[in-house]
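What follows is a single structure, written as structure tokens, with notes after it.
The values are calculated or read from the model by the stated rules, or taken from the named source; none is laboratory data. From a predicted model like this one, the values you see are computed outputs, not experimental measurements. Don't worry about glycine lacking a Cβ; one is built from the backbone with ideal geometry, like all the others, and counts go over all protein chains shown. Remember, those area values only see protein heavy atoms, side chains included, never the ligands or the DNA or RNA. Shrake-Rupley method; radii C 1.70, N 1.55, O 1.52, S 1.80 Å.
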Amino acid sequence: MRLVGPSGEQVGIVPLAKALELAQEYDLDLVEVAATARPPVCKLMDYGKFKYESAMKAREARKNQAHTVIKEMKLRPKIDPHDYDTKKGHVVRFLKQGDKVKITIMFRGREQSRPELGFRLLQRLADDVQDLGFVESAPKQDGRNMIMVLGPHKKKTEAMAEARAAADARKAERLGRGPAADQADDADEVEAAEVEETEVVEADADEPVEAAEVEQPAEASQDA
């Protein structure tokens with residue numbers, strides 16, 4: 001086999017017995033790193049340390065990874081002011097997290113003959129959140145629905161970094177104030193953790209908003 005030393009130096013081609021002897025001498029493991037090579041390549045290393053460092057690198061890579069997520073909000077064209085404010089609040093939160101938002105206006109019955117109601121509602125929402133996002137896909141009719149996509153001004157990676165920094169700052173402040181502040185900060189930490197979650201909000205009129213995990217944009221729903 002071709003043997004590589006603990007510091008990456010080339011030891012050369014040695015028999016298995018010699019490689020095992022060197023591994024015992026250095027108190028290291030003999031690990032095969034290229035089984036298909038001719039001759040096979042083995043390396044002297046601390047295998048436990050190697051596995052730990054590999055796991056830490058993979059964890060850090062996942063931590064800094066930003067997935068493209070599209071959230072969805074469904075509204076009715078004749079929505080009352082209270083419901084509108086509630087749903088707009090969710091759109092604001094999504095955009096702050098750096099996610100795109102798909103807004104779907106659902107028409108039923110005779111509402112289909114008044115598409116201008118949906119268009120005006122989408123324009124109103126876009127104007128209300130223009131500081132946080134922009135119209136990436138203009139309103140368009142899709143069967144019984146009208147769809148618009150809002151894109152965030154802030155990138156997902158920036159939102160994640162800001163959320164982590166805010167969480168770290170809160171932890172530092174909590175440590176400085178003592179354990180009495182722990183309960184007050186728990187809600188803030190949960191809110192910061194939401195930046196790394198994916199969810200879709202389906203908000204029909206007068207129904208509670210529910211969150212569910214989603215990995216891709218939902219298709220526009222069709223009413224029966």
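The table for this structure:
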{"read-out": "Criterion (part of a helix (DSSP H, G or I), of a type in the set (Phe, Trp, Tyr) and modelled with pLDDT of 90 or more) met by exactly one of 119, 134", "value": "119"}
{"read-out": "Among the candidates 130, 112, residue that is more than 26 Å from the chain's Cα centre (by Cα) and open to solvent by 70 Å² or more (accessible area, probe 1.4 Å)", "value": "112"}
{"read-out": "Breaking point among (1) without any contact (Cβ under 8 Å) to a residue 24 or more places away in the chain; (2) open to solvent by less than 50 Å² (accessible area, probe 1.4 Å), for residue 123", "value": "(2)"}
{"read-out": "Extreme residue, nearest to the chain's Cα centre (by Cα), among residues of the stretch 138-154 that are at pLDDT below 90 and over 26 Å from residue 109 (Cα atoms)", "value": "154"}
{"read-out": "Test result for residue 151, open to solvent by less than 10 Å² (accessible area, probe 1.4 Å), over 21 Å from residue 79 (Cα atoms) and in contact (Cβ under 8 Å) with a residue 24 or more places away in the chain", "value": "yes"}
{"read-out": "Any hit, the stretch 93-111, residues being of a type in the set (Val, Ile, Thr) and either modelled with pLDDT under 90 or in a helix (DSSP H, G or I) (or both)", "value": "no"}
{"read-out": "Residue match in the stretch 8-27 (condition: in contact with an Asp or Glu (Cβ under 8 Å, 6 or more places away or on another chain), in a loop (DSSP other than H, G, I, E, B) and among the acidic types (Asp, Glu))", "value": "no"}
{"read-out": "Complete set of residues in the stretch 73-93 that are in contact (Cβ under 8 Å) with a residue 60 or more places away in the chain and closer than 19 Å to residue 138 by Cβ", "value": "73, 74, 75"}
{"read-out": "All positions within the stretch 66-92 that are touching an Asp or Glu at 6+ places or on another chain (Cβ under 9 Å), under 15 Å from residue 149 (Cα atoms) and either open to solvent by less than 10 Å² (accessible area, probe 1.4 Å) or outside any loop (DSSP other than H, G, I, E, B) (or both)", "value": "70, 71, 72, 73, 74, 75, 88, 91, 92"}
